[in-house]
1. How big is the Cα convex hull of the stretch A:43-109 in projection, averaged over all directions, in nm²?
2. Using a Förster distance of 41 angstrom, determine the FRET efficiency expected from the C-beta separation of A:SER241 and A:SER65, and round it to 0.05.
3. Write down, largest first, the equivalent ellipsoid semi-axes of the stretch A:527-582 in whole Å, where each equals the square root of 5 times an eigenvalue of the alpha-carbon gyration tensor.
4. Using the structure shown, select from B:LYS216/B:LYS268; A:LYS201/A:LYS435; B:LYS219/B:LYS313; A:LYS21/A:LYS355 the pairs with a Cα to Cα distance greater than 27 angstrom.
5. Which of the helices in chain A meet the span-like rule: DSSP H, Cα axial reach of 27 Å or more, Kyte-Doolittle mean at least -0.5?
6. Taking the Cα centre of chain A as the origin and placing charges on Cβ (Lys, Arg +1; Asp, Glu -1), which of A:SER166, A:VAL580, A:TRP556 is farthest toward the positive end of the dipole?
7. Please report the accessible area of B:LEU7 (heavy atoms, 1.4 Å probe, ligands and nucleic acids excluded) in Å², nearest 10.
8. With all protein chains present, calculate the accessible area of A:PHE274 using a 1.4 Å probe and round the result to the nearest 10 Å².
Amino acid sequence: MSATHQDNDFLFKYIFSTDHKMIAKQFFLTGSIMGLIGMLMSTIFRLQLGYPGESFAFLEPILGSWAPDGVLTPDKYLALVTLHGTIMVFFLLTAGLSGTFSNLLIPLQLGARDMASGFMNMLSYWFFFLSSCVMIASIFVEGGPASGGWTIYPPLSALPEAIPGSGMGMTLWIISMALFIVSSLLGSLNYIVTVFNLRTKGMTMTRMPLTIWAFLITAVLGVLSFPVLFSAVLLLFFDRSFGTSFYLSDIYIAGQALEVDGGSPVLYEHLFWFLGHPEVYIILLPALGITSEVIATNSRKPIFGYRAMIGSILAIAFISFLVWGHHMFVTGMNPFLGAVFTFTTLLVAIPSAVKVFNYLTTLWKGNIKFTPAMLFAIGLVSTFITGGLTGIILGDSALDINVHDTYFVVGHFHIVMGLSGTFGMISGIYHWFPKMFGRMMDKNLGFLHFWTTIVAAYGVFFPMHFLGLAGVPRRYYANTEFPMFNEMYDINELITVFAIIAAVGQIFFIFNIFYSMFKGPKAPQNPWRSTTLEWTTPVEHLHGNWPGELPEVYRWAYDYSKVDENGDFVGGDDFTPQTVPLREGEEDLSH
Amino acid sequence: MIDLLILVAVVLGIIAVSKLISILGTVSAVKGENSYNVTDKENRTQARLMPVFLIVYFAFIIWQVVSWGDRVLPVSASEHGAIIDELMNITWIIIIPVFIFTHILLFYFAWKYAYDKNRKAQFFAHSNKLEMVWTAIPALVLLILILYGLSIWNDVMEPVSADEEPIEIELYARQFDWTARYPGIDGKFGEASVRMIEGVNFLGLDSTDKESWDDKYVKAEFHLPVNRPVQFYMRAQDVIHSAYMPHFRAQMNCVPGMITRFNFIPTKTTAEMREITGDEEFNYYLLCNKICGAAHYNMKMEIIVESEEDFNKWLSEQNEFLAVEGNSKDNSSEELSVPESDSTQTINEEEEQLSLVEKVN
């Protein structure tokens, strides 16, 4: 690869870069901008839920015909909910999270010059970029963007007569997701190949940091499940455009019976959730991997139960393919299947519990440095527990009957997937910002950011459990039409207030990123005193990552506070980098 | 409240700006001390915030339980619902201590083991014994929950046998209203298909099928006799809807192209429930709980549970399909006329929905 001419050419250095570090930054910026848009959408529809029907004059100039007289219309409310879900799940927490950190860390932590295929990696980003553009463009087409919920169940998503968003907007949604899936597959295949083939000398599988294990298994999940989503939306496309009826049967709408027969929307649900459930772990695993790394580094202790952690990642990944039916207990699916899915679903709690207890034991008798990254990692452990436990209720088919599709579910998945995913991502940004941009982020803004975010986030999502237990369904434009929900207005108002605080609190973060990117103090070689390989590369990025020979690895990634027989630190410091050879008689924890 | 919101936003904004300025100041003035290394003092502050947060978090939860605890659904109004509620309570009894225990450990460890340069972290990489313990215990507890949950699930989903003489009701969903159909004196539903929908026959009943002639259908509200099994059949006309009756712990999707089922035994009349909740206005509702379009949030039906006697009386007052169909042909009216005692209310609601749909478009 001719690296020299690329270095001098702006176009190839910043735009069509094949360097994994630049691509990571591209994913980070694009994903974060999408995430910001998704968050702003949620504050707009939260205003409607907190103050149903009240006029907000400032909305009219922003939203135009979506909010005549400052009141969001019902179908545009659904449009916002749909896009919020799509953007947060796919664009922020799948592409934004994996795209940023898999790209940045896989070559750096493995001791590779770059990804296996830099060109495929570049294509992966550009497909993602196109996909983002198409998704944003769909907001402006006639009828508005897709409005059938992020799960886009047909027939609602198949029939423009059913909701205006199922016209052009839905077509663009499908095109955008197709591009997204191409991007995801190109990226994932690259990650897998790189992990298996480009590890530096001495970097055995059991010496890899847990981040890499998490990214690897995430990529495998993506490769196995995204193609199924692709087939699902392809068939939906046929139903919409070519008059097939894979998902449609016996429909009468807009004054006439349609010529469709023999299809079943339940088929779509099966295909969708075959991706949809592993998708939860495509979001969670990288976040958990990052957390493992951040907690070990900042506790100055090895991660507890390294092998059990790998085992639980593998177990979670395997089980995640066998649980999709728990989204479908009340769809009319055979109750026997429901029983099978209850069984497999509750099994996920076992490896999850192992992970939680291993984190707790890692903290125990540690020597904890509360960097902003560490705070968010601790926040993740809290949200993972809180949201995970309510999953035991939802995964139990008998209990799911009455809380299915209520705010209980909204609270559950926002805490366990949304908050854990974002906390993991934010933690990673604080931790590896010096590696990405060569500069340090401000700690005080980081502290402010963490405490506003965690307080506001629980303020938003915890009360939702009470709404759900009161029977309030999700995706309701307003809770004003049922007398039984009249007394819920103040809960909704409280949630909205916290949602606005949470959104405003992100200003600390956004400012910190942009300020530090240009004006932050220069990063030292190894700011968090880590053992892993990425901190042996020069602070200034260069092609091929290491100026001379690739480093050789002699030990696992978690030799923190390791002492010799005299009680002194091995190597004289409370961390022993992976590049330090084992002393005679020293135990290698990776074997 | 809006004012408060703006106030909060402004205050946070001011904090943000002032913070920014202070950083700009420190960065340029004090080059010696950097803005990223957490000092020992700051580390201690953050460590102290850990237990503070734990207390605030628990207090917030307790506050919610105290102030909103009575807003959750009242005691179940169906037979299986009581069993589900019991399972729910047992699950809470398992979950809540785990939640409290792990959270105390998390924030206690974080506080207790904050950085101290005179102390060494303990190199403790693994322990098979400990890991066995926290694999085996959750596995055991979950096994019990799974078995218990599944036995209930099987009972709940078991169809009602004909010996139990269930009342059969078809719930028909379309954008954006519900219709409940009773089979009439012959106890059999007439054939129906969306391809036979025409004019007043909006359910698409087959008028050549004798079994449909005595079928009765109602909108806006439907009645159930207390203590008798009800077998529901769900049908949808256009998109997926979901028949959600939270007070009865009942929910089943209505899917175009197929008939789904659910059954339960109502155990409390509307009047009894009004007494239990102390709410004179209390009513059972059927809600739509699957996103179905713009007026999804307003797709409802009232459910009246009453004595068998009252129920029979009410049912006998409803028109049969044949009468409705005949009437409409006599008047050669193309408009929907709704065969229902409280028809003015229904028509008003329909107008409301129509106007809403127009507004949306």
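The values are calculated or read from the model by the stated rules, or taken from the named source; none is laboratory data. Keep in mind that what you see is a predicted model, and the values were worked out from it rather than measured. Glycine gets a Cβ as well: all are built from the backbone with ideal geometry, and neighbour counts include every protein chain shown. These accessible areas exclude ligands, DNA and RNA; they are computed on the full protein's heavy atoms, side chains included. Shrake-Rupley method; radii C 1.70, N 1.55, O 1.52, S 1.80 Å.
1. 5.6 nm²
2. 0.95
3. Its equivalent ellipsoid spans semi-axes of 25, 12, 8 Å.
4. Pairs exceeding 27 Å: A:LYS21/A:LYS355.
5. For chain A, where a helix must reach 27 Å along its axis and average at least -0.5, the hits are A:20-50, A:118-137, A:168-197, A:210-241, A:265-299, A:372-394, A:443-469, A:489-519.
6. A:VAL580
7. 100 Å²
8. Its accessible surface works out to 50 Å², give or take rounding.
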